2 protein chains.
Amino acid sequence: MKVLIIGGVAAGPKTAARLRRLDPDAEITVIERQDLLSYAGCGMPYYIEDIIKDYDQLLGGATIRDAEYFETQKGFTVHDQTEALKINRDTKTVTVKDLRTGETRDLHYDKLVLATGSSPFVPRMEGTELNGVHRLYNPHHAEAIKTAINLGCRKVAVVGGGLIGMETCGAFISRGCNTTVLEMMPTLVPNLMDEEMAQLLENYLVSKGVKVIKGSPAAKILDDGKGNAAAVETADGRRVEADMVILAIGVRPNTELAVEAGLEIGPTRAIAVNEYLQTSDPDIYAGGDCVECTHIMTGEKVFAPLGSTANKHGRVIADNIMGKEMKFPGVSGTAVFKLLDWNCGTTGLTEKKARSLGYDVVTTITPRCDYSSYIPGAKHTIIKLIADRATCKVLGCQVVGEGDGVKRIDVVATAIKFGSNVKGIADLDLGYAPAYSTAIDAIQHSANVLRNKIQGIAHGVSPIELKAKLDSDEEFILLDVRGKDECDAGGLKDPRVKNIPVNELKLRYNELPLDKEIITYCVIGVRAYIAERVLRGLGYEKARYLDGSLTSWPYPEYLN
Amino acid sequence: MKVLIIGGVAAGPKTAARLRRLDPDAEITVIERQDLLSYAGCGMPYYIEDIIKDYDQLLGGATIRDAEYFETQKGFTVHDQTEALKINRDTKTVTVKDLRTGETRDLHYDKLVLATGSSPFVPRMEGTELNGVHRLYNPHHAEAIKTAINLGCRKVAVVGGGLIGMETCGAFISRGCNTTVLEMMPTLVPNLMDEEMAQLLENYLVSKGVKVIKGSPAAKILDDGKGNAAAVETADGRRVEADMVILAIGVRPNTELAVEAGLEIGPTRAIAVNEYLQTSDPDIYAGGDCVECTHIMTGEKVFAPLGSTANKHGRVIADNIMGKEMKFPGVSGTAVFKLLDWNCGTTGLTEKKARSLGYDVVTTITPRCDYSSYIPGAKHTIIKLIADRATCKVLGCQVVGEGDGVKRIDVVATAIKFGSNVKGIADLDLGYAPAYSTAIDAIQHSANVLRNKIQGIAHGVSPIELKAKLDSDEEFILLDVRGKDECDAGGLKDPRVKNIPVNELKLRYNELPLDKEIITYCVIGVRAYIAERVLRGLGYEKARYLDGSLTSWPYPEYLN
């Protein structure tokens, strides 16, 4: 059995290693056009940030992942700096070129694996060839960027406010760079988070000194007359000075070989594969960043390139090649990222996506400590939980904030996999000790609130809805139910604000008209919800409370 | 509607708060015999350790949870220092006594809630009344213990090596006390972890200077002739000097009132309740530490008193009282605890328990970094994963070590809730970024290894099995597949050890006899597994590898 694998970074070596363990005799060859193998692509932002000091760490640390390592330790052959030029399906060969010697030759395969990865998208615009314009593809690029910072580069424009944009942006802030993020969509991380969560993230970036320019694509990179980048200009004419420009607009699957070989390409423009990760040619498998995945909740094809998925693919491909039938069920849309002190993540569907699919969506936003507040170091994580009203099925979850929300993303990702409803999460027997969670874990608190809403016990107003109301001249009462001192120290800035502390509500409710809408708020939403319940008990049927209250309020311009 | 709640710590106030939100008009009264309400019982070890500096933090911090707080903020009445003497089911009243005035009176109820909690078990033995003998029931006790340490108490004996024993033991070590733990069973945390995991925990304690005495119960506490504790003696005559003795033998449900009222008591000796948390009297509910729970995996009744469960109970009871039919499905046996720098936990069934239930158990032990090893601060967590061979269903998981294993316990607890098999865990789309996990998350690596075993690809030897073999004069080869330098620096100490580095195995395999059993080992088990595969490929059908290898090896006396 001859297995040829094109791609030596993630899915490729994983496939090869698993194959070797399953079959001591198979002839396994990996080719890779770059000079670096199996590198830690996901570690590059951490290297730029100088959390990782040593370049070699990106290449395997003490044991560099070179051809010799794979030969002696893992038992398969790797040819680096060797490019696959063409797949010849009729002869079951791949024409490859040794990039050092220029020599070409044909390698035979019984089974071929495409693990060609993805590449950062470089938009067609003026100036992408200038000095100081970078994309972040492999450790060489990370090294170039880090060197530029070390040499004094201080004005950075990150083009693209997605996952990689956020991670690199964090690195630049941390390195003291004057940083601007440009995102063509109206919100940051547009595919990962809904507007209000993205806005909280943006506020955090702004608080760290980042400038955020949204709603118009970068249109050109201007030069300084000497071949160096000097500024980025958006299509609507905004201009950002920058001596370094990072193109982080997203990645595109490397499909040229597959296209040329006539393999089926999917609706996402990545290589189409079945659940065994076979392409339209049953002798050719594909995995990692070059293929599309099935979203387990929608059945839709999605392009979700992640190192974790690539590694799963490698195992599945090897098992199938060796006749151990194995399915890859798909992804749940999970993505997490660290942005300085914030832990951010998403899983499942965003509210926007769920609405577009026709779900009758119910959501809640709850800020909550990640562990018991009496243990020093406990921090808030702000959780948005999304469910379907009719079935109570959990649809998605997003987290932002200093607290450990990522742990809760894993819980929801697990629950989603099994089609859990909201009660399913509330019922979980999660690990509780004060150093790890609160007696009611943050995600279970979220689930409880969401159940209250579904059952008509709690009535929330989302920040987006309240913002629209504040912008209108609608009549309603915005009831700050905090103590007078808290209220005097600042809150929502609007003539419709009135302060009655929750514990005075039963004595002072007659200050409130019965027929007007009342929206209560406090710090995290607990008192606001209690106040809603008190008011409804007193006949105020239009009382609702502000989801997540001030802690989760995304629009600082409405605060005093 | 008059609801009377006996117990003002966890389940009681939670029930009352939820009731108030569901019904603004119900008459809700909580009685509590102690002078402290709603205190952070789980925080007490952290207070002793001085992680929590301020005593008031145990009582609610800035807002002390006293009767006034509940009245004004939560809208229900609490009478503290008021003891329930008797439930009169015929008249639907409870006779209560004001412990300040001695006055008794009868309080009427439509629905009664028993949230009477549990109390530390005080064994019948000589000396429990001596000065310096403590149990850890409420913050007063925590305060007394902390004061004793502050005043110079330095020799502590913790009687009981369960969850509370471990947590308090950690506190004492941290405070510089000379600490001994006494556990009557042959291993620490006997109901939570299997032998080898408990032994790893013990090794860690020993490395921190703790003395561990196992296998015989404490039989008496000796005095110094002045009424102070001076030593603890075990039934088999071992003696530990101690000027402070903590009784942490476990807690017992407070069922006196229920028993006297003729309510059904379950097989665990806690109050029996149905899934709506109703006792055998439909007008009397019970929740929190005084009731037994159903284990969702076995259907068995278990006594699993935890603050997290008590809070869930409170919600369920309130919903049912208010006619919102709500079930409490049970617990999964999850328990987590922090022991100095170690994060420990368990969920589901232990191997021992699973075997006793007749499962054909397959297990694996895998040490793995909690996040990418190239990010500073990544630490190993040692995971034991347990499954049923026939159905591949996940049965349980245990973690110990510095790494964040508790996060993985939550994932397994969630998966278990939905009856996941091992592949279900391997397939999860968990959040991956280098700061949060490895590309193959630690728990998914565990699941992959376990699948390999179930499929006959990997063949493990557990540390317990290998220990028995080392103690025998069986012939076999213990093959250290690490590099020669690593091997020379130390490993298993046995004449049957031979060193062939994994990468030399294909050249040197003829040094090994084909007919003998070969057990490979390395540092974490990865090279050992590869070596097993190589050897089997060469016809060594008796090759197996040591589960978890040296990193998870629990018996230091076999190491050199």
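The values are calculated or read from the model by the stated rules, or taken from the named source; none is laboratory data. For clarity, every value in this text was computed on a predicted model and none was experimentally measured. Cβ: placed from backbone, ideal geometry, glycine included. Neighbour counts: every protein chain shown. The accessibility values were calculated without ligands, DNA or RNA, using every heavy atom of the protein model including side chains. Shrake-Rupley method; radii C 1.70, N 1.55, O 1.52, S 1.80 Å.
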Item to check | Filtered residue count, region A:350-394, keeping only those that are basic (Lys, Arg) and in a loop (DSSP other than H, G, I, E, B) | outcome: 2
Checklist outcome for this item: When restricted to B:5, B:48, B:28, the only residue touching a Lys or Arg at 6+ places or on another chain (Cβ under 7 Å), under 30 Å from residue A:453 (Cβ atoms), surrounded by 16 or more Cβ atoms within 10 Å (Cβ to Cβ) and β-branched (Val, Ile, Thr) is B:28
Checklist entry - Which one of B:52, B:64 is within 14 Å of chain A (Cβ to nearest Cβ), in contact with a Phe, Trp or Tyr (Cβ under 9 Å, 6 or more places away or on another chain) and of a type in the set (A, V, I, L, M, F, W, C)? => result B:52
Item to check | Enumeration of residues in region B:429-455 that are within 19 Å of residue B:362 (Cβ to Cβ), under 26 Å from the mean Cα position of the chain (by Cα) and in contact (Cβ under 8 Å) with a residue 24 or more places away in the chain | outcome: B:442, B:443, B:445, B:446, B:447, B:449, B:450
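For region A:328-340, does any single residue satisfy the condition of being more than 9 Å from chain B (Cβ to nearest Cβ), surrounded by fewer than 24 Cβ atoms within 10 Å (Cβ to Cβ), in contact (Cβ under 8 Å) with a residue 24 or more places away in the chain and touching a helix residue (DSSP H, G or I) at 6+ places or on another chain (Cβ under 6 Å)?
There is at least one residue in region A:328-340 that is more than 9 Å from chain B (Cβ to nearest Cβ), surrounded by fewer than 24 Cβ atoms within 10 Å (Cβ to Cβ), in contact (Cβ under 8 Å) with a residue 24 or more places away in the chain and touching a helix residue (DSSP H, G or I) at 6+ places or on another chain (Cβ under 6 Å).
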Checklist entry - If only one of A:346, A:309, A:298 is outside any strand (DSSP E or B) and buried (at least 23 other Cβ atoms within 10 Å of the Cβ), which one is it? => result A:309
Checklist entry - Taking residue A:143, is it of a type in the set (D, E, K, R) and either open to solvent by less than 10 Å² (accessible area, probe 1.4 Å) or not in a helix (DSSP H, G or I) (or both)? => result no
Item to check | Some residue of region B:416-433 being within 11 Å of another protein chain (Cβ to nearest Cβ), under 22 Å from residue B:550 (Cβ atoms) and touching a Lys or Arg at 6+ places or on another chain (Cβ under 7 Å) | outcome: no
Checklist entry - among the polar types (S, T, N, Q), surrounded by fewer than 22 Cβ atoms within 10 Å (Cβ to Cβ) and within 9 Å of chain A (Cβ to nearest Cβ) - does that describe any residue in region B:371-381? => result yes
Item to check | Matching residues in region A:356-370 - criterion: being open to solvent by less than 40 Å² (accessible area, probe 1.4 Å) and more than 16 Å from residue A:461 (Cα to Cα) | outcome: A:369, A:370
Checklist entry - Which is of a type in the set (Asp, Glu), farther than 19 Å from residue A:407 by Cα and surrounded by 24 or more Cβ atoms within 10 Å (Cβ to Cβ), of B:289, B:281? => result B:289
Next on the checklist: Suppose we filter region B:48-69 for residues that are hydroxyl-bearing (Ser, Thr, Tyr) and either free of Cβ contacts under 8 Å to residues at least 40 places away in the same chain or more than 30 Å from residue B:177 (Cα to Cα) (or both); how many remain?
Outcome noted: 2
Checklist entry - Restricting the first residue to region B:160-179 and requiring it to be within 12 Å of chain A (Cβ to nearest Cβ), which pairs with a second residue that is aromatic (Phe, Trp, Tyr) meet a Cβ separation below 7 Å and a spacing of at least six or different chains? => result B:163/B:337; B:166/B:337; B:167/B:337
Checklist entry - Name the residues in region B:87-130 that are in contact with a Gly (Cβ under 7 Å, 6 or more places away or on another chain) and within 14 Å of residue B:247 (Cβ to Cβ), would you? => result B:121, B:130
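This table checks each residue for (1) under 22 Å from residue A:475 (Cβ atoms); (2) touching a strand residue (DSSP E or B) at 6+ places or on another chain (Cβ under 7 Å); (3) touching a residue at least 60 places away in the same chain (Cβ under 8 Å).
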| position | (1), (2), (3) |
| --- | --- |
| A:494 | yes, yes, yes |
| A:503 | no, no, no |
| A:508 | yes, no, no |
| A:559 | yes, yes, yes |
Checklist entry - Which condition does residue B:70 not pass, out of (1) over 30 Å from residue A:378 (Cβ atoms); (2) more than 10 Å from every other protein chain (Cβ to nearest Cβ), if it passes all the others? => result (1)
Checklist entry - Do we have any residue at all in region A:250-258 that's outside any strand (DSSP E or B) and at pLDDT below 95? => result yes
Checklist outcome for this item: Of (1) of a type in the set (A, V, I, L, M, F, W, C); (2) more than 13 Å from every other protein chain (Cβ to nearest Cβ); (3) closer than 24 Å to residue A:389 by Cβ, residue A:296 satisfies every one except (2)
Checklist entry - Which of the residues that make up region A:341-364 are within 11 Å of chain B (Cβ to nearest Cβ) and of a type in the set (Ser, Thr, Tyr)? => result A:346, A:347
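Identify, please: which residue in region A:20-33 is more than 11 Å from chain B (Cβ to nearest Cβ) and either touching a helix residue (DSSP H, G or I) at 6+ places or on another chain (Cβ under 6 Å) or modelled with pLDDT under 95 (or both) and is, among those, nearest to residue B:536 (Cα to Cα)?
A:28
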Checklist entry - Would region B:494-504 turn up any residue that is aliphatic (A, V, I, L, M), more than 37 Å from the chain's Cα centre (by Cα) and open to solvent by 10 Å² or more (accessible area, probe 1.4 Å)? => result yes
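Right, residue B:72: free of Cβ contacts under 8 Å to residues at least 24 places away in the same chain, surrounded by fewer than 22 Cβ atoms within 10 Å (Cβ to Cβ) and out of contact with any helix residue (DSSP H, G or I) (no Cβ under 9 Å at 6 or more places or on another chain) or not? Break it down stepwise before answering.
Working: free of Cβ contacts under 8 Å to residues at least 24 places away in the same chain: yes; surrounded by fewer than 22 Cβ atoms within 10 Å (Cβ to Cβ): yes; out of contact with any helix residue (DSSP H, G or I) (no Cβ under 9 Å at 6 or more places or on another chain): no.
No, not satisfied.
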Item to check | Hits in region A:546-560 (condition: at negative phi and either in a loop (DSSP other than H, G, I, E, B) or open to solvent by 10 Å² or more (accessible area, probe 1.4 Å) (or both)) | outcome: A:547, A:550, A:551, A:553, A:554, A:555, A:556, A:557, A:558, A:559, A:560
Checklist outcome for this item: Within region B:153-179, residues being open to solvent by less than 10 Å² (accessible area, probe 1.4 Å) and assigned to a strand (DSSP E or B) number 5
Item to check | Flag if residue A:26 is of a type in the set (A, V, I, L, M, F, W, C), in contact (Cβ under 8 Å) with a residue 12 or more places away in the chain and within 19 Å of residue B:502 (Cβ to Cβ) | outcome: yes
Checklist entry - Does region B:264-277 contain any residue that is out of contact with any Cys (no Cβ under 7 Å at 6 or more places or on another chain), free of Cβ contacts under 8 Å to residues at least 60 places away in the same chain, open to solvent by less than 40 Å² (accessible area, probe 1.4 Å) and among the small types (Gly, Ala, Ser)? => result yes
